[in-house]
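Encoded as structure tokens, the structure appears first; notes follow it.
We did not get these values from a lab; they are worked out from the coordinates using the rules stated. What you are looking at is a predicted structure, and each value in this text was computed from that prediction instead of being measured. Cβ placement follows ideal geometry from the backbone for every residue including glycine, while neighbour counts extend to all protein chains displayed.
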Amino acid sequence: MKQFGVIKVIFLVIYSVTSIQVNAQCNPETYSLNGIEKLKEGYIYLKSYNIYGNNGAIDKIEYTAVFSKDTDYLLNICTETNDVDGIILSIYDSKRKQVASNIVNNAIQSSINFKCTITGIYYLTFTFQNSRKQCGGCILAFRKQ
């Protein structure tokens, strides 16, 4: 019985160390902070979102946001590198109709400028296309039109 307890403790230690190392590799908060510093002039920081696909275990991450009419929104995807690393952002209105995406001419862009014409709830959906790390942050900023 004592041997079983020792094995259990060793397993828990190995599992804990492995989990810490995996999570340490993805730090969306740091990427978001770096993105805040790079906001376009005239935009006001509103919120940041964590993007972490957990090494392929999560294929879609969704957040909600309330957008106001006659407001310009800027959503910047920030990663460890200067590229977007295959992170796709789609914006859907309250009826789940897609109103914007960061895919333009079959290329994934690092940001979306969205001019809101109807106040309401919007869904921000992040998916991955050939992403190496499936890790990043997204900055939401706004300015009045």
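Odds and ends about this structure:
- Residues located in the range 102-119, provided they are part of a strand (DSSP E or B) and more than 17 Å from the chain's Cα centre (by Cα): VAL104, ALA107, LYS115, CYS116
- Of the residues making up the range 88-117, those that are aliphatic (A, V, I, L, M) and touching a strand residue (DSSP E or B) at 6+ places or on another chain (Cβ under 8 Å) are ILE88, LEU89, ILE91, VAL99, ALA100, ILE103, ILE108, ILE112.
- Residue, farthest from the chain's Cα centre (by Cα), within the range 120-139, restricted to residues that are closer than 16 Å to ASP83 by Cα and hydroxyl-bearing (Ser, Thr, Tyr): SER131
- Here VAL84, VAL99 are screened, and the one residue that is buried (at least 20 other Cβ atoms within 10 Å of the Cβ) and either hydrophobic (A, V, I, L, M, F, W, C) or part of a strand (DSSP E or B) (or both) is VAL84.
- For the range 47-73, a residue qualifies if it is over 13 Å from the mean Cα position of the chain (by Cα), loosely packed, with under 13 Cβ neighbours inside 10 Å and assigned to a strand (DSSP E or B), and exactly one does: VAL66.
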